Structure formats: structure tokens, C-alpha cells
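Heads up, the thing below is written out as C-alpha cells.
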């Protein structure tokens, strides 16, 4: 019934603030996917946070398994892949970023971040751009070549 109503709609107003939906096709895609906010129970979130803290400890201790609770790298990567869908949680993003810097890392893990969170992160990074007397400081990786 809902789909028939949506099919009858010819135009929807663009929403760039909350849902980031520009047309009917994006609305249909949004409605067919699981909840992008990925609401977790308190226990689930605590478990994820605890694991991320252990991964961060592993990374901050020079990527040595002896200094962590983990037995092998496979154990870390399997669980990190599972929780990468919760990329809206800052600790998950940080743990993934640090883990991807591991020299023993064979494959990179990308956090799944909702459009809403991407927009928030972009606005935060724009605010971090600082101006000093006409000099603009930007963060990122740059390549400089001299001829």
C-alpha cells in the first residue's frame, strides 16, 4: 500500500538537512535499506565500545599482540569487519583508522557511515580550517613536487 502511494507521487521536495534525499528514487532506496542510525541496545553498544578500546590499546602499544588481550590478528580483523557497520560511533571510526595504520595490515577496513554523519563530519572538518593572516591551513595529504 505504501509503495503504491509512493509510485503515485511525481515530485518530492529535496531534503539536504536530515535525510539527504533529493528525489523519489533516493526515497525508495532509503526506505528499502535498514535503519541508517543502526540503533543498538545499551549492552550491544557497551560491548562494541569495550572491543574498540582494546583495539585502540593494541594500536597505541606499537601493534604488539603481547600487549593486548588478543591472540592473533585474525581475531581482531574478523570482529572489526563485523562492527565496521557502526561507523557512526566515533570509537569505531578511531579504532578502524588506527588499525588500518598497522604495518601488518593486509587489507583496509572502511567504516560504514550514514549520510547524516558524513555531513556532520564534513561540517566539522570545514570548521577546522584555520586562517592565519591570509594563510589558509588545511588538513589532508598533499603531494609537492619541485622541478
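The values are calculated or read from the model by the stated rules, or taken from the named source; none is laboratory data. The structure presented is a predicted model; accordingly, all values stated were derived computationally and were not measured. Please note: Cβ atoms are built from the backbone with ideal geometry, for glycine as well, and neighbour counts cover all protein chains shown.
The sole residue among 38, 45, 81 that is at pLDDT below 90 and closer than 23 Å to residue 118 by Cα is 38. Which ones in region 59-92 are over 22 Å from residue 121 (Cα atoms), touching a residue at least 24 places away in the same chain (Cβ under 8 Å) and assigned to a helix (DSSP H, G or I)? Residues satisfying the conditions are 59, 60, 73, 77, 79. In region 17-27 there is no residue matching the filter, namely being exposed (fewer than 13 other Cβ atoms within 10 Å of the Cβ), in the same structural domain as residue 99 (by TED's automatic domain parsing) and either part of a loop (DSSP other than H, G, I, E, B) or under 20 Å from the mean Cα position of the chain (by Cα) (or both).
Quick one: in region 1-16, of everything that is over 30 Å from the mean Cα position of the chain (by Cα) and surrounded by 10 or more Cβ atoms within 10 Å (Cβ to Cβ), which residue is modelled with the lowest pLDDT? By that ranking, first place goes to 3.
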